[in-house]
Amino acid sequence: MVAAQPLHQRLAAEFRARIASGRWPEGEQAPSEALLCEEFGTSRGPVRQALATLRAEGLIVGGQGRSPIVRRNVPSHSASALGSFTAWAREQGREPGQRTTLQARVPASPDIAERLQVEPGEPVLELRRVRTLDGAPALCETMHFVWSLGKRLMEFDPDTGSVNRFLLDAGADLYASTHQIDAVAATAEDAAQLGLAEGAPLLRVRRTTTDAAGDVVEYGEDRYVPGVTTVIVENRLFAAPSPALRSVPVRRDA
């Protein structure tokens, strides 16, 4: 028999749904702990745990001695799914899109050569796209592939959809990826592509993809517009293999 989900988790799910639906409007106060306890017929403990979960997710702020304030509902993005913008967008009920700005064979710069573990000047495939959500710019995407893999993309129109799906359907060995996440200032090019001011903060995700043998086959860098997504990293509080931010299988529909 499957154990029932803990009450605080069920309450957190209900509160998220109310924020997503607009029942708890952005910028307004959520009901007080006392009102929520009365509505759900429970003690303050589960309500406080549920509100703490939403606070950690960035969905509400405040609440210490007063009702919390609802923040704008920013979709979360699991670290294990960072290679799948297309799938993530559709899971959120959004329409993903892309506009290719560069698709070319280029000599590897010293930095890219080091990332891909090739010699500087060796040919690689460089692909640049602006990814969109419901038609609005969401991130700038830059990808570099070792030429043995990238040359296959010369036959592909990146404006039509998923690069990973095309490569995997063509028999490419894309096995796992690692991600580095930080914040950077928008360059002049970023600003022009994303409709932001130069120097505006961006969430940067750098990705290294390897094949089953552990050889690097792709290095990518995504720069997200603020407010497009939050990244959730799940860890286990016991001595187990590794947190979610380590290598994860590459999804087919990125």
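Summary table below
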{"read-out": "Gyration tensor verdict on region 7-70 (Cα atoms; rounded if a/c is under 1.5, prolate if a/b is larger than b/c, oblate otherwise)", "value": "rounded"}
{"read-out": "Rel. contact order, % - alpha carbon contacts under 8 angstrom, at least six apart, region 7-70", "value": "43"}
{"read-out": "Residue among ALA20, LEU35, THR53 farthest towards the positive dipole end of region 7-70, charges placed on Cβ", "value": "THR53"}
{"read-out": "Region 156-216, dipole about Cα centre (Lys/Arg Cβ +1, Asp/Glu Cβ -1), debye to the nearest 20", "value": "220"}
{"read-out": "Which of VAL61, VAL124, VAL106, VAL47 has the fewest Cβ neighbours within 10 Å, and the rest in rising order", "value": "VAL61, VAL106, VAL47, VAL124"}
{"read-out": "Average Cα contact separation per residue, region 94-135, under 8 Å, 6 or more apart, as relative contact order %", "value": "56"}
{"read-out": "Neighbour-count ranking [beta-carbon atoms within 10 angstrom, fewest first] of MET154, MET143", "value": "MET154, MET143"}
{"read-out": "Given charges at beta-carbon only (K, R positive; D, E negative), |dipole| of region 7-70 in Debye", "value": "140"}
{"read-out": "Inter-site label distance for ALA176 and GLU38 at 7 Å from Cα along Cβ, in nm", "value": "5.4"}
{"read-out": "Local electrostatic count, GLU33, Cβ distance below 9 Å [Lys/Arg +1, Asp/Glu -1]", "value": "+2"}
{"read-out": "Gyration tensor verdict on region 90-232 (Cα atoms; rounded if a/c is under 1.5, prolate if a/b is larger than b/c, oblate otherwise)", "value": "prolate"}
{"read-out": "Charge dipole magnitude, Cβ of K and R +1, D and E -1 - region 104-204, Cα centre, debye nearest 20", "value": "160"}
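We did not get these values from a lab; they are worked out from the coordinates using the rules stated. Model, not experiment: these values are computed from the prediction. Every residue, glycine as well, gets a Cβ built from its backbone with ideal geometry; the counts of neighbours run over all protein chains shown.
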